[in-house]
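Below you'll find the structure, written out as structure tokens, and then a few comments.
The values are calculated or read from the model by the stated rules, or taken from the named source; none is laboratory data. Bear in mind the structure is a predicted one, so any value in this text is a computation, not a measurement. So basically every Cβ, Gly included, is an ideal-geometry build from the backbone, and we count neighbours across all protein chains shown. Ligands, DNA and RNA are excluded from the accessible area calculation, which covers all protein heavy atoms including side chains. Shrake-Rupley method; radii C 1.70, N 1.55, O 1.52, S 1.80 Å.
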Amino acid sequence: MQNNARLPSLEALATFEIAARHLSFTRAADERFVTQSAVSRQIRALEDDLGVPLFLRGHRTLALTDEGLMLQTACQQGLQRIRDGVARIRAQAGRRQVVVTTTPGLASLWLIPRLSGFTRRHPGVDVRLDAVFARRDLDADGIDIAIRYGDARISPGKKLLDEEVMPVCSPACASTPGRPLHEPRDLARHTLIRLDERQGSGPLQDWQPWLVAMGVPELEPAAMLTFSNYDDVIRAALHGQGVAMGRRPLVDSLLAEGLLVMPLQAELASSRAFFVIVAPASAGRPEVQAFEQWLSSGASGALTAMHRCTDAQQTRSAATAPPAATQRRPPSRPRPPTTRRRGRSPTTGRARRVRCGSAWPPPAARTGNPPPARPGRSPARIRSPR
């Protein structure tokens, strides 16, 4: 007699739930950290076990059959109940956990350097960080908090961080001899480092909008370096490989430490921001509430640090700027002494004017010969002494 209640492989059911959620064997393989062929084999074995097809396979398309939809609902509900039960058991055992998902750039440049502040204030609360570009299903994936990057006007959730973008580079790159970096058009002499847009980047992570705003839309850099992860973009800039598009406040700590500089002091406000979304099933847990509050306080501190960092950068730029040329007045020609004294001629008894430091009239005038004319003056009429 056939046992219809016999469960298939739990591993196969978990793989099926992921493939059904994404409608993609490739994405399911990425999430399971296996190959696409391994996912395909597990799904085929599950279909053979159940005796029905679960997917309609087309040319580069995948859809669920009626039986597949029925099994997907059952798997999602069952797995969620298992996650809830595990969470309660861990809570009772004294080990509470907060599961957070966000982008790799925010995780490596902003969140991870600050995590020790949360763990010190909340001992006994574990944090599991899921840094991926994909947007996780909070309920299906057991995520408590998501920090997502999106359009500031329409993105759901509570705004955590605004964003500003501007060119950044290492101090050595900013002072390379023969390649000044004082205005936007100077970027034509440098290598620009950018993020691959296909990896979920926003429009302002690329260079073109900033170049348009600065009035140099047709600028052609000396070279371009493109990376798939934003933390790799910043790492290349730190090693002096070129100029990157910095995103504040992600790079504020590097700017404050002087590891990166803003050579052009030209920031552009982004239309995108980071938002916090709390899973409804996790909103009532004290550890989740504590983490959300800690994020909000960290964002307020980041805003203050951003203003302080801007002031420090401007002060540093002013200190390193070449001094302005001092205008010196040309030396004037020495003037003859103007102090006069009066005396009387010993022969005539008449008053005679004499300039200090010189005899006037000159000796030639006393003999009756005309004196040499002074430059720029007409010959003086000198009366011979009587």
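Of everything in the range 110-143 that is touching a residue at least 24 places away in the same chain (Cβ under 8 Å) and either exposed (fewer than 12 other Cβ atoms within 10 Å of the Cβ) or of a type in the set (S, T, N, Q) (or both), the residue that is farthest from Thr26 (Cα to Cα) is Arg121. Restricting the search to helices (runs of 4 or more DSSP H) fully inside the range 144-242 and requiring at least 3 residues that are touching a Phe, Trp or Tyr at 6+ places or on another chain (Cβ under 7 Å), crowded, with 21+ Cβ neighbours inside 10 Å and at pLDDT 90 or above gives an empty result.
Scan the range 244-296 for residues that are in a strand (DSSP E or B) and either open to solvent by 30 Å² or more (accessible area, probe 1.4 Å) or among the aliphatic types (A, V, I, L, M) (or both) and the total you get is 11.
Determine, yes or no, whether Ala237 is over 27 Å from Ser155 (Cα atoms) and either in contact (Cβ under 8 Å) with a residue 40 or more places away in the chain or among the β-branched types (Val, Ile, Thr) (or both). In short, yes.
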